[in-house]
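K.L.:
One structure is given below, represented as structure tokens, and several questions about it will come after.
Nothing in this text is a laboratory measurement; each read-out follows from the coordinates by a stated rule. Fair warning: this is a prediction, and the values are worked out from it, not measured in the lab. Virtual Cβ from ideal backbone geometry, glycine too; neighbours counted across all protein chains shown.
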Number of protein chains: 4
Amino acid sequence: MQNNGSYQMRTDLALEARESISEADSELRGVRVEEYYHEEEDIHVTKVMIDTKNAAKAMGKPMGIYVTMEAPAMVEPDDGYHREISQRLAEEIRQLLPDMEIEQSILVVGLGNREVTADALGPQVVDNLFITRHIVKEYGKAAYNCEKMNLVSALEPGVMAKTGMETAEIVKGVVTETAPNALIVIDALAARSIRRLNRTIQITNTGIQPGSGVGNHRNALTRESLGVPVIAIGIPTVVDAATIVGDALEKLLEEEKDLAGIKCREKQKLNFAELNNMYMTGKDIDAVIKRVSYTVSEGINIAVGEAFLPE
Amino acid sequence: MQNNGSYQMRTDLALEARESISEADSELRGVRVEEYYHEEEDIHVTKVMIDTKNAAKAMGKPMGIYVTMEAPAMVEPDDGYHREISQRLAEEIRQLLPDMEIEQSILVVGLGNREVTADALGPQVVDNLFITRHIVKEYGKAAYNCEKMNLVSALEPGVMAKTGMETAEIVKGVVTETAPNALIVIDALAARSIRRLNRTIQITNTGIQPGSGVGNHRNALTRESLGVPVIAIGIPTVVDAATIVGDALEKLLEEEKDLAGIKCREKQKLNFAELNNMYMTGKDIDAVIKRVSYTVSEGINIAVGEAFLPE
Amino acid sequence: MQNNGSYQMRTDLALEARESISEADSELRGVRVEEYYHEEEDIHVTKVMIDTKNAAKAMGKPMGIYVTMEAPAMVEPDDGYHREISQRLAEEIRQLLPDMEIEQSILVVGLGNREVTADALGPQVVDNLFITRHIVKEYGKAAYNCEKMNLVSALEPGVMAKTGMETAEIVKGVVTETAPNALIVIDALAARSIRRLNRTIQITNTGIQPGSGVGNHRNALTRESLGVPVIAIGIPTVVDAATIVGDALEKLLEEEKDLAGIKCREKQKLNFAELNNMYMTGKDIDAVIKRVSYTVSEGINIAVGEAFLPE
Amino acid sequence: MQNNGSYQMRTDLALEARESISEADSELRGVRVEEYYHEEEDIHVTKVMIDTKNAAKAMGKPMGIYVTMEAPAMVEPDDGYHREISQRLAEEIRQLLPDMEIEQSILVVGLGNREVTADALGPQVVDNLFITRHIVKEYGKAAYNCEKMNLVSALEPGVMAKTGMETAEIVKGVVTETAPNALIVIDALAARSIRRLNRTIQITNTGIQPGSGVGNHRNALTRESLGVPVIAIGIPTVVDAATIVGDALEKLLEEEKDLAGIKCREKQKLNFAELNNMYMTGKDIDAVIKRVSYTVSEGINIAVGEAFLPE
């Protein structure tokens, strides 16, 4: 509930949204599900749209669009940093951004802690962006020889243990002062399963809502709290330790039929206090973060930089 | 005048202030100069106080206090990171801060570019601060077992080339949102002489005023622009390339008496365009920055953390 | 068995050694156990000495000395980086080093991957060492104004995924070329229990022997393989994921008496392939590694630098 | 002559070689000069070949090949890290490497200090290499599905101030132990002119010979000292401070005809001691190093990795 460590984990809401949709739900009024598969790139996209307040209540999630891109190739080394994934990511981002026919000012926020490898996704994405706002402000669009271009700015707010401030306080202040038209927020997520690590990209236009609605809204990065659209992009890079222990146990118990009866009792006991501040990640996490962050920043560069081309 | 590089240099105003005070000036009404020497630590302190608008106009600097600590030991390795210098720095900081008898909320801002060694002073100072604001906000002072304590927060805004935003925009937004009582801003400076590199600490309560009054106030970090007192701490870590070439030439010409007549003409020509985006620094700058930033952050920790002691 | 990731874990042999000593063992000829407690610093030291080949065979470990310092304070922030722990560490190191009455040339090797926070202990220890070999070689001892002093050098060999070479190949080459009298090797370890994370320092004069004797000796860093004494210092900073899942399950099963009978079967199944390349660590690992590495490097500086004092 | 700082500069021998070739020289027996221009990529290549001992003596440089690639585009941002420059660099490297028709084992050495931005070229090049030696050793070529492939390994030896060892000691030890067929050594250079900064790549098969032959051979990284061919690749990233002051002065004096007579005297005096440990670099050096190091590592990957393609 409270976390003063230097690494605060959010779980992957978008993925959850998709999975919690049972057959019954999908016939629920107000919920639409679309799926498509890009064969050439081996990318599977699932899009869940929650369109009404009733549906949001039934789903336990805010109204909005939740996109999950499953791209197994992302974990594997590649000469060109998987530009094909960046291209598809750019398409999804552009659909969630405000009217891209006119010029927009986009602030990209890289959440997380640069000093903790598995949490450095946001900061590393920000490192590779093509930043233009200051140039256009100073010299005008002429600097880039094009009639129309977006203003891109970026912020790495840092973590509360190092700043003493809520991330939302810092972001809100900067949004108020620089008045972007939209935010893109990047964060590393905690997956609920090892199999998803570094393989999926979650994109949503509902922003970031920590604490799953437990009343603590001071940390929210949403259109409601900030006054502008907020696209959140997340990639699961760690697994919560308690989750993984629970999963392992469950798998075991499933195979032992004679234990089925005590399942509930046991799962309850798995709330080992000592696992609370732990996370699990892969041994090659440094190489993965470096590669994946490049794929994401290229995706953003393509999505908001396309206007650079003379028209 | 404009700089889109990732490293923007400010020259050392405080030092300048002291040096530009000729004998005549010091009898000027509204300017006071104090000097004292801490023999044990070999630290020489000069304090220039500009008290009136007339004096400020005559001096070409804002009203306020300009402190220069000369500590030759600072460049040399030391087992304890020169705690004696941190102590003296803390004393000077406390004199410029608002009423420290009551609790204060202090925001420390580390200017500069972490990726450029000579410009990493601000970010590295911020790395070693004792941050308390979030703890006190969450648990109250009880968390530290003391009746009174300051709230310390910290921000590393980054450089314009990477954020697309003026530093002042970011800082102003965060100040508005988190409402600290005072700011302490740290920055690496460009010295006018190699002899001063990494040997002096400049402290002023006039904040940071870029562009030396050329009308460009959007970058100011001052009480006027931010609404709260701003203490600026700077250490010269580089020398401007054009300056050093000019100085070398001047030195030479002084020795060549027959050249005295052409001095002006020559100095004028030294505005080599190609030197404009260059800076000069020492070959051991990585070790120096690491050591000096620790001395400064300890100074700040002592200055604002003293209230931690139970009273 | 094989690991091509960029983070290779060794488990904590010294700790194991202590724990595997049952009462019966301790009466074994050739095994001595000493324990002492430094009350002021709250440091518990256990020393296991395996003196004979028979005892080594019985214990399944090489002959030598295994020291475990338990210092619970190490995980907590402290103004002075726990100098009291560094002092006690220095004492233990000196007892294992060759004759320190005469000058020695010591090579410190920082194992691990700087880019993976939990594995950066070795590289960060090396960052804070007081290196003297090159100075003495160039200017003689006169440079330090002392009659006797050790030559300290340091190496950060990197990990196989980035070098393409076994660590042992790199270290052996450097030892052959620079001929130190002894090695001190630092490494982050995988603990078998969360409770031990970042709380104990393991010191042994048996060096590093990967693969627990399975015949693969090409990676050994030992007196046998390198020709000089090798002191290994390790601190558990991660927990192996498979281990933690196993432990959690065992704890659970212990409480469910009716499950006791199926214990073995279940534990067998816990060898989930997907956990093989995972590790678990604390969310504040960045702050912990920074602090602990400083404590260790100060310990080494005290141990091998004491001769600097004029006698 | 001696330098204990953490940043040791080598000047750019290859470039010097080209420039010191006057018309007379080029008719010298034993010296051949070739120049060609790649129009599409705007890359100018100059190749100086010193073929005889007499020519080497006359030129004051070892026998061998000195290639200078002038690629003005290299300083400018580019979407694809200037792959066209990497391609041309790869061609030049391959011509200097041993017989690439058969499999080779290549050790790439990244010289310099990662902590000093302008000196981080070597370490950053090494970060982006495609390392294969350990994979092939463990699994055979089958791991890459190709009949023939080179073994690539890499080393970042660090600087003497941090290791206490000469770079040559470390490299020699590793070469002896791992027996590569050839070395590629990368280093940041000190240019003699600002105009050359980050714009040229120097490639030579004479290795690295510090001290310009003043008798100090302990630092040499050459075929003679290491027993295998050594290709050195260098890029000028800094300007020596004393050089730049001298150049500025010279330029000035050229314009002042009446000063011509005192030229020599003045230049002599410019040996300011205080400039000895200083260097000058550009304010955007962090972005430049990041980009250029990528171009070089891709060049190496192409040069030695081509064999990966199934034949």
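K.L.:
Between B:ALA179 and D:GLU91, how many nm apart are label points set 7 Å from Cα along the C-beta direction?
P.N.:
6.7
K.L.:
Sticking with this structure for a sec: Within a 10 angstrom radius of each residue's Cβ in D:128-139, how many Cβ atoms of other chains show up on average? Whole number is fine. Write out the running numbers ahead of the final one.
P.N.:
Values: counts 1, 3, 3, 6, 1, 5, 9, 4, 1, 5, 4, 2.
For this peptide, the per-residue mean of nearby foreign Cβ atoms is 4.
K.L.:
Please list, in order along the range A:221-235, the HN-Hα scalar couplings obtained from phi with the Karplus expression 6.51 cos²θ - 1.76 cosθ + 1.60 (θ = phi - 60°), rounded to whole Hz, x for Gly and Pro.
P.N.:
Along the range A:221-235, the couplings run 10, 9, 4, 5, 7, 10, x, 9, x, 10, 8, 9, 10, x, 10 Hz.
K.L.:
Quick one: grab the alpha carbon gyration tensor of the range C:135-207, order the square roots of its eigenvalues as a ≥ b ≥ c, and give me rounded if a/c is under 1.5, else prolate or oblate depending on whether a/b is larger than b/c. Show your work: numbers first, answer last.
P.N.:
Values: a/c = 2.85, a/b = 1.54, b/c = 1.85.
In terms of gyration-tensor shape, oblate.
K.L.:
In B, who owns the beta-carbon nearest the axis carrying B over to A, and how many Å from it?
P.N.:
Result for the axis mapping B onto A: B:GLY173, 2.
K.L.:
Going 7 Å from Cα along the Cα-Cβ axis for the label, what nanometre distances separate B:GLU101 from the same residue across the other copies?
P.N.:
Here the equivalent label points are 6.4, 6.6, 9.1 nm apart from this one.
K.L.:
Hey, another quick one. Determine, for each peptide in C:193-199, A:296-302, the mean count of other beta carbons within 10 angstrom over its residues, then list the peptides with the highest first. Walk me through the numbers before you get to the answer.
P.N.:
Numbers: C:193-199: 18.7, A:296-302: 24.1.
Top to bottom by mean Cβ count within 10 Å: A:296-302, C:193-199.
K.L.:
Over the range A:50-133, what is the relative contact order in percent, taking alpha-carbon pairs closer than 8 angstrom and at least six residues apart?
P.N.:
Values: 45 pairs, mean separation 11.5, N = 84.
Answer for the range A:50-133 is 14 percent.
K.L.:
How many nanometers, to one decimal and shortest first, lie between the label point of D:GLU70 and those of its other copies, if labels sit 7 Å from Cα toward Cβ?
P.N.:
Spacings between copies for this position, smallest first, are 4.7, 5.6, 7.1 nm.
K.L.:
Compute the FRET efficiency between C:TYR37 and B:HIS38 as 1/(1 + (r/R0)^6), taking r as their Cβ-Cβ distance and R0 = 45 Å, and round to the nearest 0.05.
P.N.:
Once the sixth-power term is evaluated, E becomes 0.55.
K.L.:
Ignore the peptide's own chain and count Cβ atoms of other chains within 10 Å of each Cβ in B:153-162; give me the average, rounded.
P.N.:
That average works out to 6.
K.L.:
Another question about this same structure. State, to one decimal in nm and shortest first, how far the label point of A:HIS38 sits from each corresponding label point in the other identical copies (label point: 7 angstrom along Cα-to-Cβ).
P.N.:
Counterpart label points of A:HIS38 in the remaining copies fall at 3.0, 5.9, 6.1 nm.
K.L.:
I've got another one for you. Beta carbons within 10 angstrom, averaged per residue: use that to sort the peptides A:155-167, B:98-110, C:38-50, highest first.
P.N.:
Ranked by mean Cβ neighbours within 10 Å, highest first: A:155-167, B:98-110, C:38-50.
K.L.:
Still on this structure: From the phi angles alone, apply the Karplus equation (6.51, -1.76, 1.60; θ = phi - 60°) to the range A:198-203 and give each ³J(HN,Hα) in whole Hz, x where the residue is Gly or Pro.
P.N.:
Using θ = phi - 60°, the values come out as 6, 10, 10, 10, 9, 10 Hz.
K.L.:
Let me know the mean shielding of B:191-202 by other chains, meaning the per-residue number of their Cβ atoms within 10 Å of its Cβ. Working shown, then result.
P.N.:
Details: counts 0, 0, 1, 6, 1, 0, 2, 0, 0, 0, 0, 0.
Whole-number average of other-chain Cβ neighbours for B:191-202 is 1.
K.L.:
So which of B:LYS162/D:LYS290; B:LYS290/D:LYS290; A:LYS162/B:LYS137; A:LYS290/C:LYS162; A:LYS283/C:LYS162; A:LYS283/D:LYS148 end up more than 19 Å apart, counting from Cα to Cα?
P.N.:
The answer is B:LYS290/D:LYS290; A:LYS283/D:LYS148.
K.L.:
Let me ask something else. Need one word for the range D:53-188: rounded, prolate or oblate. Basis is the Cα gyration tensor (sqrt eigenvalues a ≥ b ≥ c); a/c below 1.5 gives rounded, then a/b vs b/c decides.
P.N.:
It comes out rounded by the Cα gyration axes.
K.L.:
Here's something else I'd like to know. Could you tell me which of rounded, prolate or oblate describes the range B:148-187, using a ≥ b ≥ c as the square roots of the eigenvalues of the alpha-carbon gyration tensor, with rounded for a/c under 1.5 and, failing that, prolate when a/b is larger than b/c and oblate otherwise? Please report the intermediate quantities before stating the final value.
P.N.:
Values: a/c = 3.02, a/b = 2.01, b/c = 1.50.
Because a/c hits 1.5 or more and a/b exceeds b/c, the range B:148-187 counts as prolate.
K.L.:
Tabulate in residue order the Karplus-calculated ³J(HN,Hα) for the range C:106-122, using 6.51 cos²θ - 1.76 cosθ + 1.60 with θ = phi - 60°, rounded to whole Hz; enter x for Gly and Pro.
P.N.:
Karplus values, whole Hz, x for Gly and Pro: 10, 9, 9, 10, x, 6, x, 10, 4, 7, 10, 3, 5, 9, 8, 4, x.
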